[in-house]
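The values are calculated or read from the model by the stated rules, or taken from the named source; none is laboratory data. Computed from a predicted structure; not experimentally measured. Positions of Cβ are generated from backbone atoms using ideal geometry, with glycine treated the same way; all protein chains shown enter the neighbour counts. The protein model used for the area step is the full one, side chains on, heavy atoms only, and it has no ligands, DNA or RNA in it. Shrake-Rupley method; radii C 1.70, N 1.55, O 1.52, S 1.80 Å.
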Amino acid sequence: MIQDWLEARREGREQSEKEIQAFVTAVVEDSITRAQAASWLAFVYCKGMTSAETVAFTRAMTESGVTMAWPGLQGPFIDKHSTGGVGDKVSLVLAPLWAELGYKVPMLSGRGLGITGGTLDKLEAIPGFKTDLPLDQLRGVLEDVGCFMNGQTAEIAPADRILYSLRDETGTVPSVPLITASILSKKLVEGLDKLVLDVKCGSGAFMQSAQRAAELAESLHRVGTGAGLEIETHITDMSQPLGLKIGNALEVEEAVECLQGGGPTDLIDLVVQLSGCGERARETLANGAAYPRWRKLLRAHGGDPDAKLHGGGCKTVVIEAPKSGVVTRCDAGDVGRCAHKLGAGRENSGEPVHFGVGVILHAKRGDQVQAGQPLATLHHVDQNLEIALKYIQKSVVIE
Ligand code: URA
């Protein structure tokens, strides 16, 4: 049978929902070889997939593991997914904000890979915070707090875990139907009414061109809707970092500033935009009303909201403006590579990250600066400092 499936994919013939389901089951049950599964993925990478096939593939991956449901709890159940960016700490603010505004947010997040950070790595900078609460505890947290922020357990979408690692090994990650199914399969398990998708576009994002970002956003919308979810997609800028702080603990600090009524304008504006709640969301942030919800969330996950974040004791080095003028470029890709080299990110999955290292920006695009004025402060532990300095210097253009 596998030979028929491979031939269909190789020739670009549409497969039935049943065949796709059988393929996913065979992957999870290990009844086909890794080479066969990898060929199937490579053919999809080269020949694409129809919408109906992508919906069937997404559903089959979702159903390859446990799914969550919330009988007896009052919704609406909502979540957001970002395709990842530099300084993107929106989830940390949006989950307690939505909970404060009356939504239930059953958020399952991932770790960072490459230059983009992951929500779990940021949360683990908080002493005691557990991102691996068992599924049976999560319902209680959702009921008490209105949101949870957990990692994906082994029982969730196991097919995606196996196939993603094969894609990673075989260079087949950047395929729109495969990305679409991978992202949505993990969100469909959450028992949501609505999913907000933030597709990042620019040098610090997975999708670097407007055309690729639009293609992914359109596919996510079409397939998510086809799988029965209400989907709202946004394409947002990742040509410069979001906010001023990049790095795990630094981003938690900035998210807390935002929840306490401060924080940088671009972060606040994006949180408000994605919340879909307009002025109500802006006011809730400005008056700090969602901050007690954040503290409750931390305690529910075993975290201490008053403890110093992990990763303290880093050294700092300040980068000054070499001349006066206007900052015309503050490149997300270069700033991300700088933070990554300092140890904020990982090269391979499973590696530890350093919680304290990272970058604080003192100027972004459009800001007027004087020669000698601080442009950025690097928090470091003497790891790769020279190369990190090169990236940060290259990230900024003053004209
Ligand atoms: N994130 C995912 O979860 N899957 C992909 O394929 C790409 C990004």
remark   = Carbon and sulfur atoms account, in whole percent of the 1.4 Å probe accessible area of region 315-398, for 50
inquiry  = Within region 2-62, what whole-number % of the accessible surface is contributed by carbon and sulfur, with the 1.4 Å probe and all protein chains included in the calculation?
reply    = 48
ask   = Which residues' amide hydrogens lie under 5 Å from the amide hydrogen of HIS81, considering only partners 5 or more residues apart or on another chain, with H built in the peptide plane?
value = VAL196, LEU197, ASP198
Normalised contact order of the chain, rounded percent, pairs of Cα under 8 Å and 6 or more residues apart = 19
inquiry  = If I stretch the segment between LYS315 and SER51 completely, what's the gain in nm (0.36 nm per residue apart, minus their alpha carbon distance), one decimal?
reply    = 89.9 nm
note = When every protein chain stays in place and a 1.4 Å probe is rolled, ASP144, ASP331 sorted by accessible area with the largest first are ASP144, ASP331
task = Give me the distance between the Cα centres of region 151-175 and region 41-108, rounded to whole Å.
result = 15
ask   = Going by a ≥ b ≥ c, the root eigenvalues of the Cα gyration tensor, does region 2-62 fall in the rounded group (a/c under 1.5), the prolate group (a/b larger than b/c) or the oblate group?
value = oblate
request  = Please calculate how many Å² of accessible area the chain carries per residue, with a 1.4 Å probe and no DNA, RNA or ligand atoms counted.
outcome  = 40
inquiry  = Taking 8 Å as the Cα distance limit and 6 or more residues as the minimum spacing, I'd like the relative contact order of region 315-398 as a percentage.
reply    = 50
note = Row for region 315-398, column shape: gyration tensor on C-alpha, a ≥ b ≥ c, rounded if a/c < 1.5 i.e. under 1.5, prolate if a/b over b/c, else oblate; value prolate
inquiry  = Please report the accessible area of ASP269 (heavy atoms, 1.4 Å probe, ligands and nucleic acids excluded) in Å², nearest 10.
reply    = 60
query = Which of ASP168, ASP237, ASP266 moves the most in a Gaussian network model of the chain with Cα springs under 10 Å?
reply = ASP168
note = For LEU389 the rounded accessible area (nearest 10 Å², probe 1.4 Å, non-protein molecules ignored) is 40
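What is the dipole size for region 1-150, taken about its Cα centre, with +1 at each Lys and Arg Cβ and -1 at each Asp and Glu Cβ, in debye to the nearest 20?
320
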remark   = So the carbon and sulfur contribution to the accessible area of region 68-129, 1.4 Å probe, in percent, is 51
inquiry  = For a quick check, take a GNM of the chain with Cα springs below 10 Å and name the residue from VAL173, VAL105, VAL199 with the largest mean-square fluctuation.
reply    = VAL173
task = Kindly write out, for region 114-131 in residue order, the coupling ³J(HN,Hα) from the Karplus curve 6.51 cos²θ - 1.76 cosθ + 1.60 (θ = phi - 60°), rounded to whole Hz, with x marking Gly and Pro.
result = x, 7, 8, x, x, 4, 5, 5, 5, 4, 6, 6, 8, x, x, 5, 9, 9
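Please report the equivalent ellipsoid semi-axes of the chain, computed as sqrt(5 x eigenvalue) of the Cα gyration tensor, largest first, in whole Å.
Computed over the chain, the values are 36, 26, 19 Å.
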inquiry  = Which of rounded, prolate or oblate describes region 80-160 when judged by the alpha-carbon gyration tensor and an a/c cut-off of 1.5?
reply    = oblate
inquiry  = Taking amide H atoms as placed 1.01 Å from N in the peptide plane, list the residues 5 or more away in sequence, or in a different chain, whose amide H sits under 5 Å from that of ASP193.
reply    = PHE77, ILE78
request  = Please name whichever of PRO264, LEU123, LEU192 sits farthest to the positive end of the charge dipole of the chain, dipole taken about the Cα centre and charges placed at Cβ: Lys and Arg +1, Asp and Glu -1.
outcome  = PRO264
query = What accessible surface, in Å², does a 1.4 Å probe find on SER39, ignoring ligands, DNA and RNA and rounding to the nearest 10?
reply = 40
note = region 2-62: relative contact order from alpha carbon pairs under 8 Å, six or more residues apart, as a whole percent, is 50
remark   = Interchain or sequence-distant (5+) residues whose placed amide H lies within less than 5 Å of the amide H of GLU320 are LEU375
query = For region 1-66, which trypsin sites (Lys or Arg not before Pro) are in a loop by DSSP, counting at most 12 other Cβ atoms within 10 Å?
reply = ARG13
